[in-house]
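Note sheet for the following structure.
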Amino acid sequence: MNLAEIASTCDTLVLEGPDGVGKSTLADRLSRQHGFTVVHSPRTPDHLDLTSRYRAILDGTGRIIFDRCFISELVYGPLYRGRSRITWSQAIDLAETVIARSGLLVHLTADPNEIRRRLLQRDGEAAGLEEITALVTGYQRAFSTLGDYTKVLTVDAATLEFPPAG
């Protein structure tokens, strides 16, 4: 079963992975095919409570695709700020809520060289290979831990066949 077929059975999808791995492209295409509302989660200001923000969205109705969300805080927070603004207990609780909402956590990954190439192509600039490798490793660790508590689908974005546009 491919990701588009899996998406047809879910009410909630969480697409996570490093910048440049294809989250937004996939979210856009799956939303048009399957009627999801895309929730893009840029960095939340420090004064806002992350757990409450995501809990409120998950308590809503309708089909939702998160284009980045609470899992990114577990990866980017420690790398860039020295700490995460959510605890593992909170992250596990949110992940279990996603699953209870007929959802799935999707870990998009790729070789760091491929991610860097995509970022350069998209933005004209990219973080260094060491930094991208640290992000890929951070996501692998985060999803390995979350996988002990909930369903996780890991997809190599370099081999992912995106659903057709339109």
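The values are calculated or read from the model by the stated rules, or taken from the named source; none is laboratory data. Since the model is a prediction, treat every value here as computed from it, not as a measurement. Cβ: placed from backbone, ideal geometry, glycine included. Neighbour counts: every protein chain shown.
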task: Looking only at segment 120-140, count how many residues are under 21 Å from R81 (Cβ atoms) and either polar (S, T, N, Q) or surrounded by 14 or more Cβ atoms within 10 Å (Cβ to Cβ) (or both).
output: 12
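Yes/no per residue for (1) under 19 Å from D67 (Cα atoms); (2) aliphatic (A, V, I, L, M); (3) at pLDDT 95 or above:
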site: R83; (1), (2), (3): no, no, no
site: P112; (1), (2), (3): no, no, yes
site: A134; (1), (2), (3): no, yes, yes
site: G138; (1), (2), (3): yes, no, yes
site: A158; (1), (2), (3): yes, yes, no
site: F162; (1), (2), (3): yes, no, no
task: Find all pairs meeting these conditions: Cβ atoms under 8 angstrom apart; at least six residues apart or on different chains; first residue within segment 33-55 and more than 13 Å from E73 (Cα to Cα) and at pLDDT 85 or above; second residue outside any strand (DSSP E or B) and of a type in the set (K, R).
output: H34/R63; G35/R63; F36/R63; T37/R63; H40/R68
statement: Over segment 70-87, the set of residues closer than 13 Å to L50 by Cβ and more than 15 Å from the chain's Cα centre (by Cα) is R81, R83, S84, R85, I86, T87
message: Condition first: of a type outside the set (D, E, K, R), within 17 Å of the chain's Cα centre (by Cα) and outside any strand (DSSP E or B). Now tell me which residues in segment 88-105 satisfy that.
response: W88, Q90, A91, I92, L94, A95, T97, V98, I99, S102
message: Step by step: first the residues of segment 30-49, then only those that are in a helix (DSSP H, G or I) and either among the polar types (S, T, N, Q) or within 15 Å of the chain's Cα centre (by Cα) (or both), then the one that is surrounded by the fewest Cβ atoms within 10 Å (Cβ to Cβ). Which residue is that?
response: Q33
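One line per residue, one yes/no per condition, for (1) part of a helix (DSSP H, G or I); (2) touching a Cys at 6+ places or on another chain (Cβ under 9 Å); (3) closer than 18 Å to K23 by Cβ; (4) hydrophobic (A, V, I, L, M, F, W, C):
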site: V75; (1), (2), (3), (4): yes, no, yes, yes
site: H107; (1), (2), (3), (4): no, no, yes, no
site: Q121; (1), (2), (3), (4): yes, no, yes, no
site: T133; (1), (2), (3), (4): yes, no, no, no
site: V136; (1), (2), (3), (4): yes, no, yes, yes
site: Q140; (1), (2), (3), (4): yes, no, yes, no
site: S144; (1), (2), (3), (4): yes, no, no, no
site: Y149; (1), (2), (3), (4): no, no, no, no
Residue among S52, S24 that alone is of a type in the set (S, T, N, Q) and either buried (at least 17 other Cβ atoms within 10 Å of the Cβ) or under 13 Å from the mean Cα position of the chain (by Cα) (or both): S24
- request: Looking at (1) surrounded by fewer than 18 Cβ atoms within 10 Å (Cβ to Cβ); (2) within 27 Å of G124 (Cβ to Cβ); (3) not hydroxyl-bearing (S, T, Y), find the lone condition where D59 falls short.
  value: (2)
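Residues are listed down the side, and each one gets a yes or a no for (1) of a type in the set (D, E, K, R); (2) free of Cβ contacts under 8 Å to residues at least 40 places away in the same chain:
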site	(1), (2)
I6	no, no
K23	yes, no
S31	no, yes
S84	no, yes
